[in-house]
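Read-outs throughout are calculated quantities, based only on the coordinates presented, and are distinct from any laboratory measurement. Predicted model only: the values in this text are computed from it and were never measured. Quick reminder, even Gly has a Cβ in these numbers, built from the backbone with ideal geometry, and neighbours come from all protein chains shown.
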């Protein structure tokens, strides 16, 4: 047998092994061996009389009056539902109100629920649907997997989708529904951006006057000046043009016990700088000043040209006249680059000689500054020497064309 096996090629020996394996399997089924099977004992079964500590989770994404009603209904219904089921003990109803489901970062009740599961205080979580639990596919799977790996495991029941993470094969169905929930959130985000863009293009802009000094909004939605606060704004602009810097102005406001727009007593340099930079005080509104980088993380950054800025001119009564506001903006840009705050902004200086048609400008100036400088430049007389140089240039150009 060994000699015959040695004479066979590798492919023939491979075929022979396959035939022997098939024959062994067939023999095992024809003459089964005696095997003792100990049945698995599921952690949660209908025969299990252990009382499960059950928690409910509910969430609404906005703090509107309508959603507040839905929020309270969810809490009351879950508490009643859990207490009616035998072998279920109500632990708590964890609820986040006015928070998005695309991230768990600011959902304190959700994070507290997960921590209580880790501490062994909860055996089962029940929630309405996947979108209430999480609108982020990666985080949804991450948390359900973590809960399943605890000792003992903690299950999650999604009522609408009829998904129970205690049962095998749940992850494929959960992944599909969480992808739908995430896509729905992304579509809503894009729809809101599109709607805002169209409104801004036709001048329909809104402004939350609770976030800055000097204005309030009437019941009709119009911005009106608050005289007492407007005086403070005018003093801030006036002191800055007198040569004071933002640190000195903030110290003066704190010393005078002027309350901040949030009701505090201490003014920061950032608060003063925001007043000086805000175009709302000259009667304009610009949108968007900030943009959301990702609908999942909700990270907000300042709009530095990533998206179009729509500025509505003369939207409301101005506290500061436009010339004063523009002068303050020029001072803010210049002082950022100047060593001494008391230096005056440089004027565009015309060069001499062969560069007589050029001007020396500040590197810190942007397109808006250059347009202002260009509009204010007066035509300067060209000397006889410069005129001869220009004539020679024109002659050389004509010869090259010929």
Protection proxy ranking, peptides 280-287, 312-319, average beta carbon neighbours within 10 Å, highest first: 280-287, 312-319
May I ask you to order 16-25, 76-85 by the average number of other C-beta atoms within 10 Å around their residues, highest value first? 76-85, 16-25
Antiparallel DSSP bridges in the range 52-183: what percent, to the nearest 5? 10
Counting other C-beta atoms within 10 Å, which of 324, 165, 297 has the fewest, and how do the rest follow? 297, 324, 165
At a threshold of 8 angstrom on Cα-Cα distance, excluding pairs fewer than six apart, so keeping six or more, what relative contact order does the range 91-250 reach in percent? 15
Counting other beta carbons within 10 Å of each residue's own, what order do 310, 108 fall into, fewest first? 108, 310
Could you list log10 I(q)/I(0) for the range 52-183 at q = 0.21 Å⁻¹, which the Debye formula gives when each Cα is one point scatterer? -1.37
I'd like the FRET efficiency for residue 9 and residue 274, computed as 1/(1 + (r/R0)^6) with the beta carbon distance as r and R0 of 56 Å, rounded to 0.05. 0.10
Using square roots of five times the C-alpha gyration tensor eigenvalues, list the equivalent-ellipsoid semi-axes of the range 209-337 in whole Å, biggest first. 24, 19, 17
Taking other Cβ within 10 Å of each residue's Cβ, how do 237, 261 sort, fewest first? 261, 237
Using a Förster distance of 60 Å, how high is the FRET efficiency between residue 105 and residue 24, based on the Cβ-Cβ distance and rounded to 0.05? 0.55
What FRET efficiency do you get for residue 231 and residue 204 if R0 is 22 Å and r is their Cβ-Cβ distance, rounded to the nearest 0.05? 0.10
